[in-house]
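First the structure, in the form of structure tokens, and then the observations on it.
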Protein chains: 2
Amino acid sequence: MNFKLLDCTLRDGGYYTNWDFDKDIVETYFKSFNNLPVDYLEIGYRSNPMKSYLGEYFYCPTYVLEEAKSKSTKKLVIILNEKDVREDHVPNLLEPCIGYISMVRIAIDPKNFKRALGLAAAVKKLGFEVGFNVMYMSNWENEKEFLGQIKEVNGVADYFYMVDSFGGVYPEDVKKTFDIVRNQTDTKIGFHGHNNLQLALVNTLTAIDCGVSIVDATVTGMGRGAGNLQTELLLTALNGKGEIDLDFNALSQVVAPFEAMQKEYGWGTNLPYMVSGANSLPQKEVMSWVTKRYYSLNSIIRALSNQSRGLEDNVDLKNLDEEKKFKSAIIIGGGPSGKKHSKAINEFIEKQESICIIHSSSKNSQEFKDVSTLQIHCLAGNEGHRLEDSYIDMSIKDKLAILPPYPRSMGTYIPEKLEKVAFQLEAINFTDKFHESVTSLAIETALTLGVEKLYFAGYDGYLGEIKTQELELFNENEYIFKSLKKNGKVTPVSITPTLYDNLEPQSVFALI
Amino acid sequence: MNFKLLDCTLRDGGYYTNWDFDKDIVETYFKSFNNLPVDYLEIGYRSNPMKSYLGEYFYCPTYVLEEAKSKSTKKLVIILNEKDVREDHVPNLLEPCIGYISMVRIAIDPKNFKRALGLAAAVKKLGFEVGFNVMYMSNWENEKEFLGQIKEVNGVADYFYMVDSFGGVYPEDVKKTFDIVRNQTDTKIGFHGHNNLQLALVNTLTAIDCGVSIVDATVTGMGRGAGNLQTELLLTALNGKGEIDLDFNALSQVVAPFEAMQKEYGWGTNLPYMVSGANSLPQKEVMSWVTKRYYSLNSIIRALSNQSRGLEDNVDLKNLDEEKKFKSAIIIGGGPSGKKHSKAINEFIEKQESICIIHSSSKNSQEFKDVSTLQIHCLAGNEGHRLEDSYIDMSIKDKLAILPPYPRSMGTYIPEKLEKVAFQLEAINFTDKFHESVTSLAIETALTLGVEKLYFAGYDGYLGEIKTQELELFNENEYIFKSLKKNGKVTPVSITPTLYDNLEPQSVFALI
């Protein structure tokens, strides 16, 4: 076998555990690997102090290095984040590693490649092997400057790593990129794959065929987002091909505790991570939008793709006219009471002297289609699409569509029929958080229209078994209502049954 | 796009749910797929009555076909198991499908390829498209007869499928096999991948590059063992390459309920499935040995590989000599009391007139190394290896090793030092179950030696929180003791604390 294997479970897996691991898992890890055909173990970062809690293997204090060295017969590795480390930090960070650590790797954004060369030289001076882990491989074609500089790695690094951060490359891309690098340097080349598209194994085997000198994997693929190539998969595949002998007992011993952790933390690929991979979008960003649940996956992908391609998908609309004044407004949410009591709510609305209806959800909006006052549809999040799907016979008489302030992070989507009556808010001022929420948008709209009384209907809260997402939404709305009360201009009143503490309860039946 | 996509989630996923699916999941499935660029949906099997419970989508009664047809705009497919279906079953099984089902696929062992041709002709006569799903692709090189018959598929089947049942092929194998098939027939070719080595995507994309006309996938990869290529991965990858438009909302709608089921049922690859894939071993067999936990993964892989390669790994030893007679025996298990009370047990043994020690576990065996009577080590399951690891200074004076009857399903392993004193039992007669258990082996050994009294020590049972495996072992031992009591020859007595109901409790301290 003319290539080396590096396992970086503790380092890359730390993204899930904040770099803290149970003592007995670490013990099993080192003990099992002593019986496995792997050359290097990367145990963590060395780092300057950061402004948040980061665990044991993010800093790897000396006693961690000592313990690892005493337990492991393998060459040990630590990694530095180039963006946070300068040449003058090197003595402090790395002198304690001498005698314990064989290789120091540096995680490098290709944009900072030049700067990293100096850092690498300082590391090399202390006698370590140096690994140059250049990230975002699937986007290198856009990094012309970096591509022209690769040869400067000569004599500075022992390994030049192609890191598929997005899990977005295919075997043919590995071949192409390998050739590009090889044409510029004789430095040994490495490959670090991610598994968004479940191509980590085939990409790694392709890299080996190309002639790389080192490849990475982690136990059960434990690692940021979709995770890495699984060490057990790589070893089993190489064993199946007759390239290595393998102690499957040692392998299953180390896999077992990490499989148990995986059930808890859930690394591995899924649809959003696949999307990130297939389109080289940062998985952190895709996931954070997906879990915020305001937007559909279609919108998120469209917006992020537009952004990454530099396409303009935002429209700077006219601001909502503050001259349109109403004495009161009723914000109608999507809760069941909005439908159940719609007859009474309709009657209540007809009785008011100067009221407008603000629909924060498309769900109940059809129930109020015959009311003759101004109806405003809030198009935050995915509501533009939902409204289009649900509200078929839309006339634009007495209707407005309101969008969040420009620019909108997920782009602008307005149903065609509403384009002529679409406005945006200038800003959302009454709350410091949850500016993407339809409820925030509805309240700021009411405040912009200068209302003195603000009613809510269809804000029921959730009874019985509550899903995590519902709980989040409940807490978010509660925070928004609290901000509104603090703001002091109006008192929010719910005229249908509600579980929100910060809505003052009244009954629609007492008001008609 | 010049190839078709087939989703077979309900059919292949049925292996996990016994072909029953919640109504609302099926509803979501059909509805979402109406908005996805997939051509065929395979909804299940049609089958003759089988002698066990198999659910709705294993039989697909007419109302299931009707409902599917009413909900789906896609071409619907069912599959037949060739091994269970003959030509004369075709009218009964398939006439009810006319008007609902577009394609009938046939799952075929290459050994039965010829026979399947007749079945296919009968299916074709009813007007269906016919898919010929030939299994075990990674072993076809050993199926010379079949390889010479492929051309007979001409005019019989519409699609000739290469099915990677073991999830064991690599992209280069897909290319080679495609060429072998293409050289014999102009029939359209299909590919059905499994994901043991996470190569299902790259193999499928390779098959597409080769020019196959149809490929399969299932939502979240739901399918037997390690499962299939994930539909969402294939669609996302094809979309990322610009080959298809994709409604990610519809896709995430159908993925969500299956992801929830996956948490419950746990399909997806793991180390034993990877081993199956890398060595083309039947995953069902690997998993059933792994979960039986008698053997280590090393032993299982060695034995199954030997079997599949036709290598002899069994040694027919001499049978245990029935002339060696003892009045009594003590079977020492691995429970903590075997160590805790070892002093008393040693004293008890010395006091007996004619006793032998039978070690059913290596765990406590060191505690009795100085006793001067015959010591017998039971080498069922993994005990040969365990004994070697734990019992360093083994002398063979007054020692025997006993193995289960020949041939042993996991081969023969005897520590070198014990080879000269190793015997096997002729049969295990006293119990109808658990013949692989060390306790069964120990008891049958005692009975063979003609004991009148049979003592147990170190059979504690489990207190506190019990793991599934421990519970299984407990129930298994209880069954074994019960069989022994029914057998009537001796009464099993435990002289250390025990939770087993079928061991008669006495105290070692009362006996010394």
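What the table below lists for this structure:
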quantity	calculated
Some residue of segment A:483-492 being assigned to a strand (DSSP E or B) and in the same structural domain as A:ASN346 (by TED's automatic domain parsing)	yes
Boolean, A:SER409 is under 23 Å from the mean Cα position of the chain (by Cα), in contact (Cβ under 8 Å) with a residue 24 or more places away in the chain and over 29 Å from A:GLN352 (Cα atoms)	yes
Hits in segment A:39-63 - residues which are surrounded by fewer than 19 Cβ atoms within 10 Å (Cβ to Cβ) and of a type in the set (Val, Ile, Thr)	A:THR62
Extreme residue, farthest from the other protein chains (Cβ to nearest Cβ), among residues of segment B:132-167 that are under 28 Å from the mean Cα position of the chain (by Cα), buried (at least 17 other Cβ atoms within 10 Å of the Cβ) and more than 23 Å from B:GLU42 (Cα to Cα)	B:PHE146
Test set (1) in a helix (DSSP H, G or I); (2) at pLDDT 95 or above; (3) small (Gly, Ala, Ser) - A:SER138 fails condition number	(2)
Candidate set from segment A:36-61 (those that are of a type in the set (A, V, I, L, M) and part of a loop (DSSP other than H, G, I, E, B)); member that is nearest to A:TYR15 (Cα to Cα)	A:LEU54
Members of segment A:297-319 that are away from chain B (no Cβ under 14 Å), among the aliphatic types (A, V, I, L, M) and out of contact with any strand residue (DSSP E or B) (no Cβ under 6 Å at 6 or more places or on another chain)	A:LEU311, A:VAL315
Boolean, B:GLN198 is buried (at least 24 other Cβ atoms within 10 Å of the Cβ) and not hydrophobic (A, V, I, L, M, F, W, C)	yes
Filter result (surrounded by 17 or more Cβ atoms within 10 Å (Cβ to Cβ) and modelled with pLDDT of 95 or more) within segment B:168-183	B:VAL169, B:TYR170, B:PRO171, B:ASP173, B:VAL174, B:THR177, B:PHE178, B:VAL181
Residue among A:GLY190, A:GLY167 that alone is on the phi > 0 side of the Ramachandran plot and either in the same structural domain as A:GLY223 (by TED's automatic domain parsing) or part of a helix (DSSP H, G or I) (or both)	A:GLY167
Qualifying residue in segment A:301-310 (condition: surrounded by fewer than 21 Cβ atoms within 10 Å (Cβ to Cβ), outside the structural domain of A:SER440 (by TED's automatic domain parsing) and either assigned to a loop (DSSP other than H, G, I, E, B) or at positive phi (or both))	yes
Residue count, segment A:217-249 (criterion: acidic (Asp, Glu) and at the interface with chain B (Cβ under 10 Å from one of its Cβ atoms))	2
Qualifying residue in segment B:93-107 (condition: out of contact with any Leu (no Cβ under 8 Å at 6 or more places or on another chain), surrounded by 16 or more Cβ atoms within 10 Å (Cβ to Cβ), assigned by TED's automatic domain parsing to the domain that holds B:GLY221 and of a type in the set (D, E, K, R))	no
Every residue from segment A:168-216 that is within 14 Å of chain B (Cβ to nearest Cβ) and among the hydroxyl-bearing types (Ser, Thr, Tyr)	A:TYR170, A:THR204, A:THR206
Filtered residues of segment B:419-443 (kept if assigned to a helix (DSSP H, G or I) and either over 28 Å from the mean Cα position of the chain (by Cα) or polar (S, T, N, Q) (or both))	B:GLU419, B:LYS420, B:VAL421, B:THR439, B:SER440, B:ILE443
Qualifying residue in segment A:122-138 (condition: free of Cβ contacts under 8 Å to residues at least 24 places away in the same chain and not basic (Lys, Arg))	no
Among the candidates B:SER276, B:SER288, residue that is at the interface with chain A (Cβ under 10 Å from one of its Cβ atoms) and assigned to a helix (DSSP H, G or I)	B:SER276
Residue check, A:SER328 buried (at least 19 other Cβ atoms within 10 Å of the Cβ) and touching a Ser or Thr at 6+ places or on another chain (Cβ under 6 Å)	no
Number of the condition not met by B:ILE358 [criteria: (1) of a type outside the set (Asp, Glu); (2) away from every other protein chain (no Cβ under 14 Å); (3) touching a residue at least 24 places away in the same chain (Cβ under 8 Å); (4) farther than 20 Å from B:GLN424 by Cα]	(4)
Subset of segment A:450-494 [of a type in the set (Gly, Ala, Ser) and either loosely packed, with under 13 Cβ neighbours inside 10 Å or at negative phi (or both)]	A:ALA457, A:GLY464, A:SER483, A:GLY488, A:SER494
Members of segment B:458-482 found to be at pLDDT below 85 and either part of a helix (DSSP H, G or I) or β-branched (Val, Ile, Thr) (or both), listed by number	B:ILE466, B:THR468, B:GLN469
Pick from segment B:257-268, criterion at the interface with chain A (Cβ under 9 Å from one of its Cβ atoms) and outside any loop (DSSP other than H, G, I, E, B), ranking: nearest to A:LEU281 (Cα to Cα)	B:GLU259
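Yes or no, residue by residue, for (1) in contact (Cβ under 8 Å) with a residue 12 or more places away in the chain; (2) within 18 Å of B:TYR294 (Cα to Cα); (3) hydroxyl-bearing (Ser, Thr, Tyr):
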site	(1), (2), (3)
B:VAL421	yes, no, no
B:THR448	yes, no, yes
B:ASN477	yes, yes, no
B:GLY488	no, no, no
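Yes/no per residue for (1) within 11 Å of A:MET162 (Cα to Cα); (2) over 30 Å from the mean Cα position of the chain (by Cα):
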| site | (1), (2) |
| --- | --- |
| A:LYS176 | no, no |
| A:ASP179 | no, yes |
| A:ILE189 | yes, no |
| A:ASN196 | no, no |
| A:VAL202 | no, no |
| A:ASP209 | no, yes |
| A:ASP216 | yes, no |
| A:VAL219 | no, no |
| A:ALA226 | no, no |
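The values are calculated or read from the model by the stated rules, or taken from the named source; none is laboratory data. As the structure is a prediction and not an experimental result, all values here were calculated from the model. With ideal geometry, Cβ positions are generated from the backbone for all residues, glycine too; neighbour counts draw on all protein chains shown.
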